[in-house]
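Data block below; observations after.
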Amino acid sequence: LRARFDGDVACEPRHASWFTPGAKQLLTEARVARVAADPAPVPGAGEPGGWPGLVYYRWHGSPEMYVSAYPPAALDTLATRIRADRKAAPVWCVFDNTAAGAATADALALVARLGAPD
């Protein structure tokens, strides 16, 4: 990967083997961030990891993946996390709860909560 591309990279692993110290070391050495997914498919998957030079949140909708909109309290919590994270690294956030159209509203609500960068 790094022989071909020098930009930011994130991966969203879904197997427990990617949430071990060895996997963290591999991702860090390759400069690959590990996505913080919601809902988390395995323990640890809800937290960003890997290379600390990028933080990436990918929210799929909860309780029903790809469908459910997020309640205001969940977006408040995410905004708080992003504000803290962006002090140390660029932050990406993608809402993948598009099946019923919730992603756009969730993204706009999050942007409103974040306001201008610190």
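The values are calculated or read from the model by the stated rules, or taken from the named source; none is laboratory data. The shown structure was predicted, so the numbers you read here are calculated from the model rather than taken from an experiment. Glycine gets a Cβ as well: all are built from the backbone with ideal geometry, and neighbour counts include every protein chain shown. Side chains are part of the model used for accessible areas, which takes the heavy atoms of the whole protein and leaves out ligands, DNA and RNA. Shrake-Rupley method; radii C 1.70, N 1.55, O 1.52, S 1.80 Å.
Before we move on, is residue 22 under 19 Å from residue 78 (Cβ atoms) and either out of contact with any Phe, Trp or Tyr (no Cβ under 8 Å at 6 or more places or on another chain) or part of a loop (DSSP other than H, G, I, E, B) (or both)? Break it down stepwise before answering.
Working: under 19 Å from residue 78 (Cβ atoms): no; either out of contact with any Phe, Trp or Tyr (no Cβ under 8 Å at 6 or more places or on another chain) or part of a loop (DSSP other than H, G, I, E, B) (or both): yes.
Criteria not met by residue 22.
Could you look through the stretch 1-22, keep only residues that are more than 14 Å from the chain's Cα centre (by Cα) and within 23 Å of residue 43 (Cβ to Cβ), and pick out the one that is surrounded by the fewest Cβ atoms within 10 Å (Cβ to Cβ)? Explain how you work it out, then say what you get.
Taking the stretch 1-22 as the starting set, the residues that turn out to be more than 14 Å from the chain's Cα centre (by Cα) are 1-7, 15-22.
Narrowing the set further to residues that are within 23 Å of residue 43 (Cβ to Cβ) leaves 15-22.
Details: 15: 10, 16: 13, 17: 9, 18: 20, 19: 17, 20: 11, 21: 7, 22: 9.
The residue in question is 21.
Scanning the stretch 23-40 for residues that are touching a residue at least 24 places away in the same chain (Cβ under 8 Å) and open to solvent by 70 Å² or more (accessible area, probe 1.4 Å) yields a count of 2.
A quick yes/no check of all residues on (1) in contact with a His (Cβ under 8 Å, 6 or more places away or on another chain); (2) surrounded by fewer than 12 Cβ atoms within 10 Å (Cβ to Cβ):
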{"position": "69", "(1), (2)": "no, no"}
{"position": "73", "(1), (2)": "no, yes"}
{"position": "88", "(1), (2)": "no, yes"}
{"position": "96", "(1), (2)": "yes, no"}
{"position": "100", "(1), (2)": "no, no"}
{"position": "104", "(1), (2)": "no, yes"}
{"position": "113", "(1), (2)": "no, no"}
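Would you confirm, using the coordinates I've provided, whether residue 53 is part of a loop (DSSP other than H, G, I, E, B), at pLDDT 95 or above and on the phi > 0 side of the Ramachandran plot? Spell out how you get there, then give the answer.
Working: part of a loop (DSSP other than H, G, I, E, B): yes; at pLDDT 95 or above: yes; on the phi > 0 side of the Ramachandran plot: no.
No: the conditions fail for residue 53.
A count restricted to the stretch 75-86 and to residues that are surrounded by 20 or more Cβ atoms within 10 Å (Cβ to Cβ) and free of Cβ contacts under 8 Å to residues at least 12 places away in the same chain stands at 0. Looking for whichever is open to solvent by less than 20 Å² (accessible area, probe 1.4 Å) and either assigned to a loop (DSSP other than H, G, I, E, B) or without any contact (Cβ under 8 Å) to a residue 24 or more places away in the chain (or both) here; the options are 61, 46. Which one fits? Within the list 61, 46, the selection yields 61.
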